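Since the structure comes first, as structure tokens, the remarks are kept for the end.
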Amino acid sequence: MDTCLFLLSLSASLALQRLLPQRLLPRPDGPAQQVDQVAVDQVAVDQVAYEQLVAKCAAERKGRISAEIAHRTLLKSQHAASPASSPRHSKDALHLLPVGYVTSPFLKRTGCPRQPCLCPSALGQIVLEPAVSGEALAGLEGFGYCWVIFTFHANTDLPASSADSQQPGRHPFASAKAKILPPRCPSKQGIFATRSPHRYNNVGLSLLKIRSVKGRTVTVEGIDLCDGTPVYDIKPYIPWDVPGYVQGGFGGFEVNLRCPDWVWDPEAVAAGAAESSGGGVVVDTPGVQWSAEAEADLEELWGRGVFAPLYGGGGKKKKKGGGGAGGGGGEELALARRAVSEVLKQDPRNKKAKGGDGSARYNIVFCDAKVGFEALEAGCRVCALEKVAWGEEADGVRLLK
């Protein structure tokens, strides 16, 4: 806000300076030319400052910039070092250490699915920390699904980020929002009645399908977590987690879940049905078109290892029989294509972009590929793919150049 106000004042100053007469009155100690040159130099300096501020505002409008991350990192350290606001708060505070970290194709929040079942072809891995024994995973391969407890590490906000919450004796939750407006919901709901990532404690719970367990790595399907997400615990999903299950089988089994109407997501239901139907890799996703250029880009980038390690490639020979994308074969290549299509089917554009005329091209990051697409009246069209150019890393998150 301060930057924008200063920018407006500087812009007004530049406008006034340009209205000044070209020749100024001479000073007693110098010719008029010197006065003119001083004014010209000052205008030039102000113009440079103005252009720099314009560039800074443009960067800020992009959302997550390094300054925001640095601020969040500082707040984290302050919260960790700050004394508790009450004896009970101090006694019951829980300090957690990650048991592992997530490798995900979603390196940015944009495009990351809202729920696991929306993109069943999205693969991910949970890799244990060196201090955690690999034997902790023994027996997990016998289960089909697992619960993953994690933190929303890519959030750019913190509940206690306002100045008043830093006052001595003030509880960190005092300034947190209690109600938010979820997608598809016409009115604000209490934070505990939503699945929003912006919570009092940024803790998340996700149900993921286990693909394999090898060594210290759990490979999962349908991941909805950003790359680098810290994982605090992994628990097997058992039948008693399903409401209405009775011991001895599912005879007469009926799930009776009570949810508000706005919760039911037709896209999620359709994706869940497609996942449960099985039947190998399906290349085409209704509503998502691929240009010939995008098909060729996908195969070329896959060969360069841009989608590795989750989707193979990088010199590996394609597996025969899978009806791969771009006219070529390979189950891994087809799976990567389908995962991109599943992400785009959810329309990952922000609210402002969805209200546009639909003529612009948008981008998401999937693995190390930048996927360019355009919106259609019904669905979208993948235009081209290219390798992402990464810049520096801040707070465990890689930034685009």
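The values are calculated or read from the model by the stated rules, or taken from the named source; none is laboratory data. On a predicted model such as this, the values are computed, not experimentally measured, just so you know. Because the Cβ atoms are built from the backbone with ideal geometry, glycine has one as well, and the counts that use them run over all protein chains shown.
When Ile238, Ile210, Ile234 are screened for being in the same structural domain as Thr151 (by TED's automatic domain parsing), loosely packed, with under 14 Cβ neighbours inside 10 Å and touching a residue at least 24 places away in the same chain (Cβ under 8 Å), only Ile238 passes. If the condition is being at pLDDT 80 or above, hydrophobic (A, V, I, L, M, F, W, C) and in contact with a strand residue (DSSP E or B) (Cβ under 6 Å, 6 or more places away or on another chain), then segment 351-401 contributes Ile364, Ala369, Val371, Phe373, Cys380, Val382, Cys383, Ala384, Leu385, Val388. When the criteria are applied in full, Ala353 meets the requirement of being under 18 Å from the mean Cα position of the chain (by Cα), part of a helix (DSSP H, G or I) and surrounded by fewer than 17 Cβ atoms within 10 Å (Cβ to Cβ). Within segment 270-303, restricting attention to residues that are at pLDDT 50 or above and in contact with a Lys or Arg (Cβ under 7 Å, 6 or more places away or on another chain), which residue is surrounded by the most Cβ atoms within 10 Å (Cβ to Cβ)? Across segment 270-303, the extreme among qualifying residues is Leu298.
Hey, among Gln115, Gln167, which residue is in contact with a helix residue (DSSP H, G or I) (Cβ under 7 Å, 6 or more places away or on another chain) and at pLDDT below 85?
Just a single option satisfies the conditions, and that option is Gln115.
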